[in-house]
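J.: Take a look at the following structure, please.
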Amino acid sequence: MRKARFFKAPDHEARALFARSSTVHLAGQGDAGPIGRTVHGVVCDGALYFHTAAVGEKQGLVGREVVIWSDETVATVPSYFLDPVLACPATTLYRSAMVRGTLEAVDDLGEKARALMALMARLQPEGGYAPITADDPRYHKAVASIGVLKVSLDAAVAKHKLAQNRTPDERARLVASLWARGAPGDDAAIEAIRGANAAVTVPAVLASGEGYSLHARLPSTALDGAVALLRDAYWHTASTPEGIAAMHREAAAWVGACDAEGRLIASARVVSDRVRNAWLYDVVVAEAWRGRGLGRRVVALALDHGAVRGVERVSLGTRDAHGLYEKFGFVRAVDTPLANRLMTRIQRSEPLSASARRPGA
Ligand SMILES: CC(C)(COP(=O)(O)OP(=O)(O)OC[C@H]1O[C@@H](n2cnc3c(N)ncnc32)[C@H](O)[C@@H]1OP(=O)(O)O)[C@@H](O)C(=O)NCCC(=O)NCCS
């Protein structure tokens, strides 16, 4: 109980987690004993819906109290991040959501069709099927015969374990260790810890500047901002906004800076195989912010990212701003047909040993 107050997140976070989980877990007391199942859940009209066979064990839970939950791992934290000797601090940072409530059968065909449609929209967002409605004769039999069950989300609660129980010094060490480890997801974990705790001390490469904050991983809410910054860039004349957004969403690293109002004002992304080659793309600073060192900060941050730091060579293509990259050791590839465009930075010539990859080694 003592720790629960640290980790309780606002209730709307529970709905948000259920909404982005493609599967959720269900448990209840059946006639023959406890039942646990994984189901495709969807949030619709303030309830969590899932479909099932018209008859079966899950139907046996209708009218009974059930628990539905979902969770996502934010980062695994080895003990040595916080203590060089003892195993005790080993933990996992996570977000979870849970709702307890009475399982209800949905009999209204219109409500069933809405829930099934919401499920399809969630699991097959690209479409490719006729919309499900109760009065479409092609769906009438299926909608009538499939079982749809729901639990109200009124009592949904969320728990976020994001180092809220740690001291400021421990949080600083945790963030520094995550940045040093640089495994996939550690960048987003750093941002999650910063989001859940006030004034987290970060490594120097991530420290805020005058009127802006730097970010180890930008969230999907920043995609529109990245598109706006890059829409008119000469190298994106043939790109669509959706394409630019996808390039950033899928990037091995996507770092940037936001102003005091949270608007994206600088951005850079990296494609990386994490061993031999990384490519730095889409370095951009909002016009009003240029010439104040932000370009340099964002490039430094991208090059120190875990997906880039230990890679043998980092390359980029640019028609201008060579001076910016030369400051980081990039040299022009003058002997290639792409002379004056391709630049490369050799970071190491020997493969990384396994021990060099382990933080603290
Ligand atoms: C290029 C860009 C990212 C630089 O950002 P910035 O915040 O203005 O850069 P900084 O203020 O950090 O400048 C860092 C250094 O790079 C140098 N630099 C910046 N832009 C440069 C350019 N176009 N050509 C040569 N050097 C440049 C600066 O002179 C500065 O050097 P200094 O530290 O010795 O004074 C920014 O101008 C921009 O977004 N341009 C449009 C997009 C673009 O052209 N990107 C490059 C192609 S990948």
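The values are calculated or read from the model by the stated rules, or taken from the named source; none is laboratory data. These numbers were taken from a predicted model, which means no experiment stands behind them. Note that we place each Cβ from the backbone using ideal geometry, even for glycine, and neighbour counts take in every protein chain shown. Heads up: the accessible areas ignore ligands, DNA and RNA and are worked out on the full protein's heavy atoms, side chains in. Shrake-Rupley method; radii C 1.70, N 1.55, O 1.52, S 1.80 Å.
J.: Could you quote the convex hull projected area for the range 83-232, Cα atoms only and averaged over all directions, in nm²?
T.: On the way: hull surface 61.3 nm².
Directional mean of the projected Cα hull area for the range 83-232 stands at 15.3 nm².
J.: While we're on this one: In whole Å, what are the extents of the range 190-243 along the principal axes defined by its C-alpha atoms, from largest to smallest?
T.: Ordered largest first, the range 190-243 gives principal extents of 41, 21, 16 Å.
J.: Report, in deg cm²/dmol and to the nearest 500, the calculated mean residue ellipticity at 222 nm for the chain, where each DSSP H run with n ≥ 4 adds -39500 (n - 2.57) and the sum is divided by the residue count.
T.: -8000 deg cm²/dmol
J.: In whole percent, what relative contact order does the chain give with Cα contacts below 8 Å and a gap of six or more residues?
T.: Values: 659 pairs, mean separation 44.4, N = 361.
Contact order relative to length: 12 percent.
J.: Now for a different question. I need the per residue convex hull volume for the range 203-357, using only the alpha carbons, in cubic angstrom as a whole number. Each step should come with its number before you reach the end.
T.: Numbers: hull volume 18.5 nm³, N = 155.
Expressed per residue, the convex hull around the Cα atoms of the range 203-357 is 119 Å³.
J.: Let me ask something additional. Per residue of the range 251-258, in order, report the coupling 6.51 cos²θ - 1.76 cosθ + 1.60 (Karplus, θ = phi - 60°) as ³J(HN,Hα) in whole Hz, putting x for Gly and Pro.
T.: Each residue's phi maps through the Karplus curve to give 5, 5, 9, 9, 10, x, 10, 10 Hz.
J.: Between Ala198 and Thr133, what FRET efficiency comes out of the Förster formula 1/(1 + (r/R0)^6) with R0 = 51 Å and r the beta carbon distance, rounded to 0.05? Walk me through the numbers on the way to the answer.
T.: Details: r = 48 Å, r/R0 = 0.95.
The pair Thr133/Ala198 has a calculated efficiency of 0.60.
J.: Tabulate in residue order the Karplus-calculated ³J(HN,Hα) for the range 232-245, using 6.51 cos²θ - 1.76 cosθ + 1.60 with θ = phi - 60°, rounded to whole Hz; enter x for Gly and Pro.
T.: 9, 5, 4, 7, 10, 4, 9, 8, 8, x, 5, x, 4, 4
J.: Out of all DSSP beta bridges with both ends in the range 203-357, state the antiparallel percent to the nearest 5. Walk me through the intermediate numbers first.
T.: Working: 24 of 27 bridges.
Looking only at bridges with both residues in the range 203-357, the antiparallel portion is about 90 percent.
J.: Using alpha carbons only, how many angstrom separate the centre of the range 1-66 from the centre of the range 133-163?
T.: Going from one Cα centre to the other spans 10 Å.
J.: Could I ask something else about it? Principal axis lengths of the chain from Cα atoms, whole Å, largest first?
T.: Computed over the Cα atoms, the extents are 72, 55, 40 Å.
J.: Any idea how many Lys pairs in the chain come in under 13 angstrom at the alpha carbon, given 8 or more places apart or on separate chains? Could the numbers behind the result be given before it?
T.: Values: Lys3/Lys159; Lys3/Lys161; Lys8/Lys159; Lys8/Lys161; Lys58/Lys150; Lys112/Lys141; Lys112/Lys150.
Qualifying lysine pairs in the chain: 7.
J.: Sticking with this one: Taking Rh as the Kirkwood radius, which is the inverse of the mean 1/r over Cα pairs, what is the Rg/Rh value for the range 106-145?
T.: On the way: Rg = 9.8 Å, Rh = 10.2 Å.
Rg/Rh for the range 106-145 comes to 0.96.
J.: To continue, here is another question. Tell me, what is the 1.4 Å probe accessible area of Leu264, in Å² to the nearest 10?
T.: Surface accessible to solvent at Leu264 totals approximately 20 Å².
J.: Where does the charge balance sit around Leu61 when Lys and Arg score +1, Asp and Glu -1, over other residues with C-beta under 14 Å from its C-beta?
T.: Surrounding charge for Leu61 is +1.
J.: Indicate, rounded to the nearest 5 percent, the antiparallel portion of the DSSP beta bridges found entirely in the chain. Please list the in-between numbers first.
T.: Working: 66 of 69 bridges.
Counting only bridges with both partners in the chain, antiparallel ones make up about 95 percent.
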